[in-house]
Amino acid sequence: MKQILYALGLSVLLFSCKQNQKNAVIYSPRTLAANEKFNAAQPSADSVFTIYKHNSEKDAPISGTEAFGIKFKDTVVSIQVNKADSSAADKFSYVQPVNTQQTTFLVQLANHPDLATAFYLIAFKDDKLNVISLNRPSTGKQDGKFTTGLNKIGRGGYLINNDFFITNVNAQVYLIKRQNPEERIQGEFILNSPDKSTLVFLQPSSLYEVHYESDEVFTQPLSKPAPATADLSGWIKDNFNWEKNKKGITFLKFSDSNRIVDIKEFG
């Protein structure tokens, strides 16, 4: 009797495994179109996505942290990480909806060794599932220092590796304009403008500033190195002001107490 029950249990387990295999689909990620939006509505009353925890089942914990999976309708979403082989990943250490419809998710692969290739968007768009790679090749000498992964910018959105900005609420994705097209920005993100549209990066001898909505940039030279991070806020407050140019774009500029302010700058 025990042997019969064991055989039945094994059959159920194998059937379950086969079902999971059948319901897993491997998606090859595509590249991002310039300033692409991902804000599709849910096609029905029920969400097309289901987020679940791997660790709540029988899977072992991943580095002691939670691992998440995503189902699109009744299929497990698995991403082909490397086009050169058939390996795929379906476990994520970070899953975050980035639009109010909750049809677009920003994800980070679990246990992935390279932050540059760890981030993707999983989105319902044009009546199908889209997987978008958030990776731009870079040859910067200090890429290791400035490939820092995800940086949440207040309530405005998410900065990914100094290369992408994803707005919250409507999930519009911007390619951050580089100083050198071959290199991701070789600087530390330190500040966002009051209107939430200009990102400021600290470099050894300058502030590199990007208005991500228009691709307009400004470089503010520094006469001496910036202080340590703990003193950075006071240093900026004492030495710089936010100023609008003739196009209404805000940049952080060195304060000049003798400068005559032209009212047209704020027009």
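Throughout, read-outs are computed from the coordinates displayed, never taken from laboratory work. Remember, it's a predicted structure, so these values are computed and weren't measured experimentally. Positions of Cβ are generated from backbone atoms using ideal geometry, with glycine treated the same way; all protein chains shown enter the neighbour counts.
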From the backbone phi of the stretch 240-255, what are the Karplus-calculated ³J(HN,Hα) couplings (6.51 cos²θ - 1.76 cosθ + 1.60, θ = phi - 60°) in whole Hz, Gly and Pro given as x? 9, 9, 7, 10, 8, 8, 5, 8, x, 8, 8, 10, 8, 10, 4, 6
Return the sequence-ordered ³J(HN,Hα) values of the stretch 128-140 in whole Hz as given by the Karplus equation 6.51 cos²θ - 1.76 cosθ + 1.60 applied to θ = phi - 60°, using x for Gly and Pro. 8, 7, 10, 10, 10, 7, 9, 9, 10, x, 8, 10, x
Taking loop as defined by DSSP and a crowding limit of 12 other beta carbons within 10 Å, which trypsin sites (Lys or Arg not before Pro) in the stretch 141-227 fit? LYS141, ARG155
Phi to ³J(HN,Hα) by Karplus 6.51 cos²θ - 1.76 cosθ + 1.60 over the stretch 158-163, Hz, x for Gly, Pro: 9, 9, 10, 6, 6, 10
Which entries of LYS91/LYS196; LYS152/LYS244; LYS141/LYS247; LYS53/LYS177; LYS37/LYS237; LYS177/LYS224 show an alpha-carbon separation above 30 angstrom in the structure shown? LYS91/LYS196; LYS141/LYS247; LYS53/LYS177; LYS37/LYS237
Could you work out how far apart the two model spin labels at GLN42 and ARG30 are, taking each label as a point 7 Å from the Cα in the direction of the beta carbon, and quote it in nm? 2.5 nm
